[in-house]
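J.: Encoded as structure tokens, here's the structure I'll be asking about.
Quick note: the coordinates plus some simple rules give every number you see, no bench work behind them. Being a predicted model, the structure only gives us computed values, none of them experimental. A quick note on method: Cβ atoms are made from the backbone with ideal geometry, for glycine too, and the neighbour counts reach across all protein chains shown.
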Amino acid sequence: MSKDFDFHIVTRNNDFGEDKPYPGIQADEWIQKDGYRIKYLSQEKLTYAYLKEEVRSARYDRIYLNSFFSKSFTLWPLWAARKEERKKIILAPRGMLGEGALALKSGRKKIFLKAVQFLGLYKDIDWHASTILEEKEIKAVFPKAKVTPLENLPAIMPAPLFEVDKKAGELKLVFLSRISPKKNLAFLLDRLIEIGEPGIHLDVYGPDEDEEYSKLCKEKAEQVAGEVRFLGTVPYESITATFQPYHAFALPTLSENFGHVILEALNASLPILISDQTPWLNLQEKGVGRDLSLNDMETWKQVLIEWLQSDQEAYGPLRKAASQFAQSKFANAELEDGYKRLFSNSYI
């Protein structure tokens, strides 16, 4: 959308869960890219004084905040922008107001929400929800919120169908996400322990966000009959290629406002097995996988056993349907028009 808008992006100079800066990138200076400018901030610049100056010095028409609880990239910029009426603010909470997300460290979050509601910090801003469900979640916390529901624009390029051989008695599963209570890897490991089938192989990709939870997951992995490997993080540009050799993607998440990784799995031709706490619902009807309640542990096991026992003839149509469904999500002129209205100066 850079042909319609002049985007300036401010972010950290290191990836999530990493301490080392991106190699070969000059921090704290504007870098001109193809159609946008970006500034990668060092740790030393993540201060209220610096971010206040960044917000107030440039004549930005809209400020888009891509988080809810972030001190550096939501709270401080929002507080600084509030001092100038001409700054119009859009906030995308990214699922952080969902029931499952709020249940994690709920005591601290309840105190925080009461404080910001008292201060009126989030008053009179525009909200971006990725789904109708998230719109309801936002309004449950901020009843007077002005919310625009718009699906996320795909951040990946469409990939062609990638076929792999599938033999009865083998199932290569992949989990790619942060290793944290919200993403719920331990739930999947418990189901594999209960199934006790050595033919189910699981590879886990993602950073250890929670050290204690990661340790728990690795202890559970040792009890799984099949092989479980923890393979660390994957460069974003390599996700499609990483996914493609597997038979299925599993994510028993507690909550997702969109779930880019789910679309990435489908784009790599993978059937998906996920919780029903995401916008990706009615998957069985679409022939691309299953979305299941986390209370229905038996069905989780049944689906895994069914996929384990399936041969190429039974599995092949699932893979083709996953690829076709992903392609349908890429071309959406109406969605792009929605973003143009959201970002436009004339948006009221």
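J.: Roughly how big is the chain's charge dipole about its Cα centre, with Cβ charges of +1 (Lys, Arg) and -1 (Asp, Glu), in debye to the nearest 20?
T.: Value, rounded to 20: 1640 debye.
J.: Taking 7 Å along the Cα-to-C-beta vector as the label spot, tell me the residue 233-residue 284 distance in nanometres, rounded to one decimal.
T.: For the pair residue 233/residue 284, the computed spacing is 3.8 nm.
J.: Can I ask one more? Provide the gained length on full extension for the span residue 324 to residue 7, in nm with one decimal, where the gain is 0.36 nm per separating residue minus the Cα-Cα distance.
T.: 110.9 nm
J.: What lysines does residue 320 reach when the alpha-carbon gap must be under 26 Å and sequence neighbours fewer than 8 apart in one chain are set aside?
T.: 166, 167, 172, 286, 301, 329
J.: What 222 nm value per residue comes from the helices of the chain, counting each DSSP H run with n ≥ 4 as -39,500 (n - 2.57) and dividing by all residues, nearest 500 deg cm²/dmol?
T.: Helix contribution divided over all residues of the chain: -10500 deg cm²/dmol.
J.: So, one more: Going by amide H atoms built from the backbone, whose H comes under 5 Å of the H on residue 292, apart from near neighbours?
T.: 274, 275, 276
J.: For segment 22-87, what number results from the quotient of the Cα radius of gyration and 2.2 N^0.38 Å?
T.: On the way: Rg = 12.5 Å, N = 66, 2.2 N^0.38 = 10.8 Å.
After normalising by residue count via 2.2 N^0.38 Å, the value is 1.16.
J.: Counting only residues 5 or more places away or on other chains, whose amide H sits under 5 Å from the amide H of residue 14 once H atoms are built in the peptide plane?
T.: Residues meeting the amide H criterion: 22.
J.: Quick one: the Cα spread of the chain along its three principal axes, in angstroms, biggest first?
T.: Each principal axis gives a Cα extent; for the chain these are 63, 44, 42 Å.
J.: May I ask you to give the average projected area over all directions of the convex hull of the Cα atoms of segment 59-168, in nm² rounded to one decimal?
T.: 10.8 nm²
J.: First select every other residue whose beta carbon is under 13 angstrom from the beta carbon of residue 67; then total the charges, Lys and Arg +1, Asp and Glu -1.
T.: In short, +3.
J.: Restricting things to Cα coordinates, could you compute the convex hull volume per residue of segment 99-258 in Å³?
T.: 148 Å³
J.: Let me ask another. Using the Kirkwood radius over Cα pairs, work out the Stokes-Einstein diffusion coefficient for segment 49-107 at 25 °C and 0.890 mPa s, in µm²/s as a whole number.
T.: 198 µm²/s
J.: Sequence gap at least 6, Cα distance under 8 Å: using those rules, report the relative contact order of segment 28-160 to the nearest whole percent.
T.: Answer for segment 28-160 is 17 percent.
J.: I'd like the projected area of segment 252-348, averaged over all directions, using the convex hull of its alpha carbons. Report it in nm² with one decimal.
T.: Values: hull surface 30.7 nm².
It is 7.7 nm².
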